[in-house]
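What follows draws every value from the coordinates through simple rules; no lab data is involved. Keep in mind that this is a model prediction, so the values were computed, not measured. Ideal geometry is used to build each Cβ from the backbone, glycine not excepted, and the neighbour counts take in all protein chains shown.
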Amino acid sequence: MADMPRYDVKAHCAEIASFGGSYSESLNQSCFEMEQVAYDGLKPGWDALPSAMRTHCDEIARFGESGSYSLLEACIQQEAKAASSPKSFKY
C-alpha cells in the first residue's frame, strides 16, 4: 500500500498568504481549505494510481519545498487525461 505524501501545508499556505510582502489571513484560510479538499479527493484512489505517476506528480508538487496537494491533484488529473487521450501530430 502506497502512503500519501506528507506535505507541510502550514508552511505552504503561509508562503502563499505572504506573497507580495503582506500576510493575508483570508488567503491562508482559503489555501488550507483548498489543500484539504485536494488531499481528501486524492486519498481514496491513491493506491490505484500508477506508481510512476505518483512519483512524478509528487516531485512536481514538492516544487518550492513545502509541497502542495492542490498541485499534486492538478498533476494527477493532467497525467490521467493525457494518458487517456494521446495526441498525434497531424501533417
Query - In the range 40-84, chymotrypsin sites (Phe, Trp or Tyr not before Pro) in a DSSP loop with at most 14 other beta-carbon atoms within 10 Å - result: PHE63
Requested in this report: Return a whole-number percent for the relative contact order of the chain, with Cα pairs under 8 Å and 6 or more residues apart as the contact set.
Outcome: 32 percent
Requested in this report: For the chain, report the convex hull volume of the alpha-carbon atoms normalised per residue, in Å³, without decimals.
Outcome: 123 Å³
Query raised in the report: Using 7 Å Cα-to-Cβ label points, what is the GLN36/ALA48 separation (nm, one decimal)?
Result: 2.5 nm
Report summary line: Here the gain from full extension of ALA11 to THR55, 0.36 nm per residue of separation minus their alpha-carbon distance, amounts to 13.7 nm
Query raised in the report: How about the range 6-91: which GluC sites (Glu not before Pro) there lie in a loop by DSSP and see at most 10 other Cβ atoms within 10 Å?
Result: GLU65
Query raised in the report: Once both axes come from the Cα atoms, what is the angle between helix 69-84 and the longest principal axis of the chain, in degrees from 0 to 90, rounded to 10?
Result: 10 degrees
Query raised in the report: ALA2 versus SER24, label points 7 Å from Cα toward the beta carbon: distance in nm?
Result: 3.4 nm
